[in-house]
Amino acid sequence: MSYAPVGDATVVERADGRVRLRAGDATVEVTALAPDLFRVGYFRAGRPVDYTSEALADADWRPAGELRESDGLELATGEASARIGLSPLRIGFADAEGRPFAVDQAELGMGADGAAVRLHKARGDGERWFGCGERTAGLEKTGSEQIFWNIDPPMGHSAAQLNIYTSIPFTLSLQDGRARGLFVDNSHRQTWDLAKADPGLATYEAAGGDLVYYVFAGPTPRRVIERYTELTGRMALPPLWALGNQQSRWSYMSAEEVRGIARGFRERDIPCDVLYLDIDHMDGFRVFTWDRERFPDPAGLIAELREQGFRVVVITDPGVKIDEAYRLYAEGRERGLFCLTHDGEEFHNVVWPGLCAFPDFTDPAAREWWGDHHAGHVEDGVAGVWCDMNEPALFVPLQSTMPEDVVRPGGGRAREHAEVHNTYGSLMARAARDGLARLAPDRRPLVITRAGYAGLQRHALQWTGDNSSWWEHLWMAMPQLQNMGLSGVAFCGVDVGGFFGDANAELLARFTEFGVLQPYCRNHSAKGTVAQEPWAFGEPWERICREMIGRRMRLLPYLYGLFEEAARTGAPSSTCIRTGHSGIAAFARA
Ligand code: NOJ
């Protein structure tokens, strides 16, 4: 296949703040959703104009703008305008002073290449890119390739890994001190080139579907993020305890071991508010169950820990063990709530429990069913849910993800997995959050997710998965969280101490010094690695961890203020994000 840009266009419909065009057999629409927010939709032959997306919050947009026609069209809002050349169709934007941004590259514009859709924007003079959600490497993304396709990356991934667990195809750019934003809303695989192949060009490609993108006029980072999170939603204010210090391990293997860890914190006077139960609390890794030998009385254990001031969060995985005697599997199969192969069979692959089926969370009935299955956990006193492996991650072949041709029945709206892959994690988190909210309406739900798509912040906080106990990953944590904060995910954190590999005394202390200033502060490590609880390496390291965690506790009123602001405006919520080395953080306060 070869790339074909759209050609000449004619106006077919004008409405307040919106113009619809026809270019060949495609429909193109440009809408001013707000004075500083424009939407462009490019729908090829036979495809309906449809902006429905898991990324979007329920905002009530009232398109408004004046359409002027002279040499081409101009849709002006007073703060910015979309400038539309008709022959050929090329779209660019300008602020109220006429400064151009996000201007289509003259020859390439937007168009199609086989099933793929592509957008080419000329780079503004000195334009630099940031954001792009959860990424590896440094803060600035100028000169890079970005891939948006959720995977469980290889163990010990480095800064060279282009895509990891979540996909947020949104970027904030800076030029001459002015910030703009661009969000390509498409959950197929996306590949971006931000002035890498050609220093004068940014290319945004999605492997299929429609080209729908949003342009934010800023002009401050704060304004861009505020508008972006109005579009894709904001986190709800979490419970205060979710800001406290948290301790996890894969896995605390028994009720006795958990009690010992709880004692360890209290006897040493190290603050801790939340303890985590990883996969070994389950009966044969069957989600929503308990291993009754190791955890004979979950409700009793949780109540006892609660008395000592701890909340308990448990892990859930989307892989449902194929076992006719297991209620979750039998119900899901009976009700047709799982993903299918092209031949209409249940799609199976291997995860922790062995052979599994996978809920199709695009189906509202599957989400409701999954959400309702949190009832046992709620009754037992579980305070929050940790959604893991939801790229989804599969073991055959090792560390693969769901094949693109799997069918997602969608409760009557069947689609190929390729179209919705990047939303799997968000939709699982949404099912969990909605379920918890229904089951315990008087409590603020806490959901943690590994995978997701733009807008995931409405459902869950995000931790960055399996980092390693390396200095490199401590360094990478800062720009990684800053870019997440610049992409709408205000509540985020990395595993303190590092997950894979063995931590050591100084690394743990330095990780904790940094970690207590993350929005989400949890120490977690992998099976088979040395212990890394704050006291694991003795003095003086234990004292350093105690002091740093104590400092976070003293800062809680201030941090909660930042969280309140994040819930209201989408602003990045952590001290480390705000006072980071980047300089952009200071600018974001403007
Ligand atoms: C992968 C997760 O990223 C990790 O945090 C967890 O401990 C393991 N799965 C086991 O559940």
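The values are calculated or read from the model by the stated rules, or taken from the named source; none is laboratory data. Keep in mind it's a predicted model, so treat the numbers as computed, not measured. FYI the Cβ positions are ideal-geometry reconstructions off the backbone, even for glycines, and counts take in every protein chain you see. The accessibility values were calculated without ligands, DNA or RNA, using every heavy atom of the protein model including side chains. Shrake-Rupley method; radii C 1.70, N 1.55, O 1.52, S 1.80 Å.
How many of the residues in the range 459-483 are closer than 20 Å to Thr512 by Cβ and either assigned to a helix (DSSP H, G or I) or free of Cβ contacts under 8 Å to residues at least 12 places away in the same chain (or both)? Matching residues across the range 459-483 total 12. For the range 86-102, the set of residues classified as without any contact (Cβ under 8 Å) to a residue 40 or more places away in the chain, closer than 16 Å to Tyr214 by Cβ and open to solvent by 10 Å² or more (accessible area, probe 1.4 Å) is empty.
Selection within the range 230-253: residues that are over 16 Å from the mean Cα position of the chain (by Cα), of a type in the set (A, V, I, L, M) and surrounded by 21 or more Cβ atoms within 10 Å (Cβ to Cβ). The member of this set that is farthest from Glu565 (Cα to Cα) is Ala242. Within the range 203-229, if we keep just the residues that are farther than 16 Å from Leu174 by Cβ and in contact with a helix residue (DSSP H, G or I) (Cβ under 9 Å, 6 or more places away or on another chain), the residue that is surrounded by the fewest Cβ atoms within 10 Å (Cβ to Cβ) turns out to be Gly208.
Scanning the range 55-68 for residues that are without any contact (Cβ under 8 Å) to a residue 24 or more places away in the chain and either in a strand (DSSP E or B) or crowded, with 17+ Cβ neighbours inside 10 Å (or both) yields a total of 2.
Quick grid of which residues meet (1) farther than 15 Å from Ser87 by Cβ; (2) free of Cβ contacts under 8 Å to residues at least 60 places away in the same chain; (3) aromatic (Phe, Trp, Tyr):
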{"residue": "Val6", "(1), (2), (3)": "no, no, no"}
{"residue": "Val12", "(1), (2), (3)": "yes, yes, no"}
{"residue": "Arg20", "(1), (2), (3)": "yes, yes, no"}
{"residue": "Val28", "(1), (2), (3)": "no, no, no"}
{"residue": "Tyr42", "(1), (2), (3)": "yes, no, yes"}
{"residue": "Val49", "(1), (2), (3)": "yes, yes, no"}
{"residue": "Ser53", "(1), (2), (3)": "yes, no, no"}
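Of all residues in the range 516-540, which are of a type in the set (S, T, N, Q) and away from the ligand (no atom under 15 Å from the Cβ)?
Within the range 516-540, the subset of a type in the set (S, T, N, Q) is 518, 523, 525, 529, 532.
The answer is Gln518, and nothing else.
Scanning the range 48-75 for residues that are of a type in the set (D, E, K, R) and closer than 24 Å to Ile168 by Cα returns Asp50, Glu54, Asp58, Asp60.
Scan Asp434, Asp466 and give me the residue that is closer than 25 Å to Arg522 by Cβ, open to solvent by 10 Å² or more (accessible area, probe 1.4 Å) and within 16 Å of the ligand (Cβ to nearest atom).
Working: Asp434 fails: within 16 Å of the ligand (Cβ to nearest atom).
Being closer than 25 Å to Arg522 by Cβ, open to solvent by 10 Å² or more (accessible area, probe 1.4 Å) and within 16 Å of the ligand (Cβ to nearest atom) holds for just one of Asp434, Asp466, which is Asp466.
Of all residues assigned to the range 290-308, none qualifies as being without any contact (Cβ under 8 Å) to a residue 40 or more places away in the chain and within 25 Å of the chain's Cα centre (by Cα). Among the conditions (1) at pLDDT 95 or above; (2) more than 30 Å from the chain's Cα centre (by Cα), the only one that Phe38 does not satisfy is (2). Every test in (1) assigned to a helix (DSSP H, G or I); (2) out of contact with any helix residue (DSSP H, G or I) (no Cβ under 6 Å at 6 or more places or on another chain); (3) away from the ligand (no atom under 16 Å from the Cβ) is passed by Tyr424 save one, and that test is (3).
With a cut-off of at least 1 residues that are open to solvent by less than 30 Å² (accessible area, probe 1.4 Å), assigned by TED's automatic domain parsing to the domain that holds Pro445 and within 15 Å of the ligand (Cβ to nearest atom), name the strands (runs of 3 or more DSSP E) lying wholly within the range 315-411.
Working: elements: 348-351, 354-357, 384-387.
Because the criterion is at least 1 residues that are open to solvent by less than 30 Å² (accessible area, probe 1.4 Å), assigned by TED's automatic domain parsing to the domain that holds Pro445 and within 15 Å of the ligand (Cβ to nearest atom), the strands (runs of 3 or more DSSP E) in the range 315-411 that meet it are 384-387.
Answer yes or no as to whether Val489 is open to solvent by less than 10 Å² (accessible area, probe 1.4 Å) and of a type in the set (Val, Ile, Thr). Yes; evaluated as a whole, the condition is true for this residue.
A single entry from Arg14, Arg22, Arg83 fulfils the requirement of being open to solvent by 50 Å² or more (accessible area, probe 1.4 Å), part of a strand (DSSP E or B) and touching an Asp or Glu at 6+ places or on another chain (Cβ under 6 Å): Arg83. Taking first residues from the range 271-285 that are closer than 15 Å to Leu301 by Cβ and partners that are of a type in the set (D, E, K, R) and assigned to a strand (DSSP E or B), the Cβ contacts under 7 Å between residues at least 6 apart in sequence or on separate chains come to Val274/Arg311.
Out of the residues in the range 292-314 that are open to solvent by 80 Å² or more (accessible area, probe 1.4 Å) and not in a loop (DSSP other than H, G, I, E, B), state the one that is farthest from Arg433 (Cα to Cα). Can you show your working first?
First, the residues of the range 292-314 that are open to solvent by 80 Å² or more (accessible area, probe 1.4 Å): 292-293, 296-297, 306-307.
Subset that is not in a loop (DSSP other than H, G, I, E, B): 306-307.
On the way: Arg306: 22, Glu307: 25 Å.
Ranking the candidates gives Glu307 first.
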